[in-house]
Protein chains: 2
Amino acid sequence: MWQLYQFPICPFSRKVRLVLGEKGVGYELVRESPWTRRDEFVDMNPAGQTPVMVDAGRGVVLIDSQAIVEYFEETVDKAVTINGTAAGRAEIRRLTSWFDMQFYRDVTGPLLHERLIKRIAHRVTPDARALREAMKGAVGHLDYTDYLLDHRQWLGGATMSLADLTAAAHISVADYLGGIDWKGHEQTARWYRGLKSRPSFRPLLAERMELVGPPSHYDNPDF
Amino acid sequence: MWQLYQFPICPFSRKVRLVLGEKGVGYELVRESPWTRRDEFVDMNPAGQTPVMVDAGRGVVLIDSQAIVEYFEETVDKAVTINGTAAGRAEIRRLTSWFDMQFYRDVTGPLLHERLIKRIAHRVTPDARALREAMKGAVGHLDYTDYLLDHRQWLGGATMSLADLTAAAHISVADYLGGIDWKGHEQTARWYRGLKSRPSFRPLLAERMELVGPPSHYDNPDF
Ligand SMILES: N[C@@H](CCC(=O)N[C@@H](CS)C(=O)NCC(=O)O)C(=O)O
Ligand SMILES: N[C@@H](CCC(=O)N[C@@H](CS)C(=O)NCC(=O)O)C(=O)O
């Protein structure tokens, strides 16, 4: 049985969970708070980051959300999430990296730091300026997803793909942390409503962190 | 004909060039300095980053070094760089991400910022403390590659892989910028000497940036 080391609002773990959900791969959750840098966890993953997936029976340890997703793409035929032509797959991987790097750098990363880690690990209040910057960053990024969805059915092309799952993972964490203003982003809101009602997404939306809760619209699929 | 937008000591572009060299894929270099944020370049890649690969004839644009490498893995059979079992390939991708993320964050990124971009774009001198931190970071990272090479023939396992090419790309840029102290890292030095003499690597080692040059041992395969 696979075990997934994660915490409820880690965007990279959510990306993995959405893929596993679509593919119907079972797993057990193990709660890990990477900011505590627990010795046994750092021994397993020298980067000290979630997600990590372990199949103890077979001695397999998978590290890094993209390496994990590529592993399940290669080993499970159901619900291919990196699909289409080679150029189409490159576009899906570009957008996946866009959310994991640019969106995380501008939005999810700062929000997690200000609203979650400062609260839980350091017991200090968030920096108002950093929060404003992250929310401004989110507006720019949703302008870009609106633009993409003006030209395409899904973010990466004509079918749902890893680009959508990764974007939804990051956006859902930003939304949980109060960083998304949905006004003026009708295209992205419509696309996101569709994803929110998928069986792979529902369990994620039901989970809560201690101390830090989401706004009331967060788990409503018809927000 | 493929065109590769890059500058001589961009580690992500070097990773792509090493893969293309091993696979025997031809391409033309186009010089791009991402820190200038040239309009036409940002229009092509909204992330504003090198490398970008373009095949104008077929209208294909590839963005993000990992998306580019996966594209050529999928389309060119020669010299598979992500090889072995699914778990083995996951380990290669973990290490690739380790160098692209952790090594870049700790070593290559700060060195490029302090020694190249500050000099070329801002005409200011580097911060001595940041340089010391980056060099200390490099020592920790080479301790890790020494450890891996104590247990394995190559970084990712029994054969050369993308993990080695990516590590060599980053280490070569750090070495160019004077950030690597080879003393005490005999395992990694021996592995690196082997890579340096590969035909895919020689052209990279011959290239120079304006204003910022490498130390004398840099392109010597027997340093
Ligand atoms: N490249 C990694 C990034 C994972 C990551 O940044 N995880 C965060 C939590 S959401 C973390 O563990 N941060 C702690 C740290 O970087 O020390 C992946 O895709 O899995
Ligand atoms: N994830 C990208 C990272 C590329 C990257 O960071 N490139 C650097 C040059 S070595 C860059 O363009 N930096 C400018 C910027 O980030 O604005 C990849 O793997 O291609």
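The values are calculated or read from the model by the stated rules, or taken from the named source; none is laboratory data. Given the structure is predicted, the values throughout are model-derived calculations rather than measurements. So basically every Cβ, Gly included, is an ideal-geometry build from the backbone, and we count neighbours across all protein chains shown. These accessible areas exclude ligands, DNA and RNA; they are computed on the full protein's heavy atoms, side chains included. Shrake-Rupley method; radii C 1.70, N 1.55, O 1.52, S 1.80 Å.
Structure notes:
- In segment A:194-208, the residues that are hydroxyl-bearing (Ser, Thr, Tyr) and crowded, with 18+ Cβ neighbours inside 10 Å: A:Ser200
- Applying the condition of being in contact with a Pro (Cβ under 8 Å, 6 or more places away or on another chain) and in a loop (DSSP other than H, G, I, E, B) to segment A:26-63 and asking which residue is most open to solvent (accessible area, probe 1.4 Å) yields A:Gln49.
- Taking segment A:83-92 as the range and being touching a residue at least 60 places away in the same chain (Cβ under 8 Å) and not in a helix (DSSP H, G or I) as the test, the residues that pass are A:Asn83, A:Gly84.
- Residues being free of Cβ contacts under 8 Å to residues at least 12 places away in the same chain and away from ligand 1 (no atom under 16 Å from the Cβ) - total across segment B:93-143: 9
- So B:Ile68, is it surrounded by fewer than 20 Cβ atoms within 10 Å (Cβ to Cβ), of a type in the set (A, V, I, L, M, F, W, C) and part of a helix (DSSP H, G or I): no
- For segment A:57-75, taking the residues that are aliphatic (A, V, I, L, M) and touching a residue at least 40 places away in the same chain (Cβ under 8 Å), the one that is farthest from the other protein chains (Cβ to nearest Cβ) is identified as A:Val69.
- Picking from residues in segment A:9-25 that are in a loop (DSSP other than H, G, I, E, B) and over 15 Å from A:Met53 (Cα atoms), the one that is nearest to ligand 2 (Cβ to nearest atom) is A:Ile9.
- Any hit, segment A:120-142, residues being within 18 Å of the chain's Cα centre (by Cα) and of a type in the set (Ser, Thr, Tyr): no
- Members of segment A:3-53 that are away from ligand 1 (no atom under 12 Å from the Cβ) and more than 19 Å from the chain's Cα centre (by Cα): A:Asp39, A:Glu40, A:Asp43, A:Met44
- Meets criteria (in a helix (DSSP H, G or I), at pLDDT 95 or above and open to solvent by less than 10 Å² (accessible area, probe 1.4 Å)) for A:Thr96: yes
- The set of residues from segment A:58-75 being at positive phi and away from ligand 1 (no atom under 12 Å from the Cβ) comprises just one member, A:Gly59.
- Subset of segment A:77-86 (residues that are at the interface with chain B (Cβ under 10 Å from one of its Cβ atoms) and surrounded by fewer than 17 Cβ atoms within 10 Å (Cβ to Cβ)): A:Thr85, A:Ala86
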